[in-house]
Amino acid sequence: MLPMISSIEELRKSKEIIEEVKQELKTKNIKFNENIEVGIMVEIPSSAVMADKFAKECDFFSIGTNDLIQYTIAVERGNEKLVNLYSHFNPAVIHLIKSAIDGAHKNGILCGMCGEAAGDVKFIPLLVGLGLDEFSMNANKILKARKLITDLSFEECKQLAKKVLQLNSAEDVKRILDTK
């Protein structure tokens, strides 16, 4: 998984380097998985906006929400004075998540997510409704998240996502997700 990829050129150059390393390993008779999958962390707005193009050249995506939020909203996540602005409930972040998922699915690849948002039980129904394929979260959140996902109705989650995508503020998003 390649981090911080912001352009197709970077992705292609990274894949060239991977191929060079594979050739070097073959030359040295070192065994390795020749069919290793290559994907990107979608954690920069440019890769989310261009997800459809990136997906044509990747085997999978993983949305890195912590950085995606920071770079989308231009708020340092550790800044105590701006902590109220740093939120995965921000509609711009949600639209970028949707763009990444849609781009992946349009091109037949899986889209996962890591970061705090993936383990937020208020946010999980929305992510299911948006079509997220895989969740990566802290181990202490897995059982609660698994139970929640098992009990969800996919159709209701899709309707929820449709409503949320019409909203204009993080507060409105939180309000709707709090009622679920």
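Read-outs: derived from the displayed coordinates by stated rules, not from any lab. Owing to the predicted nature of the structure, the values given are computational and were not obtained by experimental measurement. Neighbour counts run over all protein chains shown; Cβ positions are idealised from the backbone, glycine included.
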Legend entry - Two-site label geometry, Ser87 and Asn35: point separation in nm, points 7 Å out along Cα→Cβ: 4.6
Inset, instruction - Run the numbers on the range 77-154 and let me know its relative contact order in percent, using alpha-carbon pairs under 8 Å that are six or more apart. - result: 25
Legend entry - Folded to 0 to 90 degrees: helix 91-106 orientation relative to the chain principal axis, Cα: 50
Inset, instruction - Would you pull out the residues with amide H under 5 Å of Glu134's amide H, same chain only if 5 or more places away, H placed 1.01 Å from N? - result: Cys111, Gly112, Met113
Legend entry - From phi via Karplus (6.51, -1.76, 1.60), per-residue ³J(HN,Hα) for the range 51-63 in Hz, x at Gly/Pro: 3, 4, 6, 4, 4, 5, 10, 10, 9, 6, 10, 9, 7
Legend entry - In Hz, Karplus ³J(HN,Hα) per residue of the range 107-116 (6.51, -1.76, 1.60; θ = phi - 60°; x = Gly, Pro): 10, x, 10, 7, 10, x, 8, 10, x, 4
Legend entry - Whole-Hz ³J(HN,Hα) from phi, Karplus 6.51 cos²θ - 1.76 cosθ + 1.60, for the range 28-36, glycine and proline x: 8, 6, 9, 6, 7, 7, 6, 9, 4
Legend entry - Angle in degrees between helix 154-164 and the longest Cα principal axis of the chain, rounded to the nearest 10: 80
Legend entry - Summed residue charge, Cβ within 12 Å of Gln23's Cβ, Lys/Arg positive, Asp/Glu negative: -2
Inset, instruction - For each pair in Lys26/Lys53; Lys98/Lys162; Lys26/Lys56; Lys56/Lys122; Lys53/Lys141; Lys53/Lys174, compute the distance between the two Cα atoms and list the pairs where it is over 21 Å. - result: Lys26/Lys53; Lys26/Lys56; Lys56/Lys122; Lys53/Lys141; Lys53/Lys174
Inset, instruction - Write down the Å³ per residue value for the convex hull defined by the alpha carbon atoms of the range 27-66. - result: 104
Legend entry - Helix 142-151 axis, angle to the chain major axis (alpha carbon atoms, nearest 10°): 70
Legend entry - Positive minus negative residues near Val121 (Lys, Arg vs Asp, Glu; Cβ under 9 Å): +2
Inset, instruction - Compute the semi-axes of the equivalent ellipsoid of the range 1-124, taking the square root of 5 times each eigenvalue of the Cα gyration tensor, and list them largest first in whole Å. - result: 31, 15, 13
Legend entry - Two-site FRET efficiency, Lys15 against Arg175, from Cβ-Cβ distance with R₀ of 45 Å, rounded to 0.05: 0.55
Legend entry - Percentage relative contact order, the range 1-71, counting C-alpha pairs under 8 Å, at least six apart: 38
Legend entry - Debye intensity ratio in log₁₀ form over the Cα atoms of the range 100-180, taken at each q of 0.16, 0.20, 0.24 Å⁻¹: -0.61, -0.95, -1.26
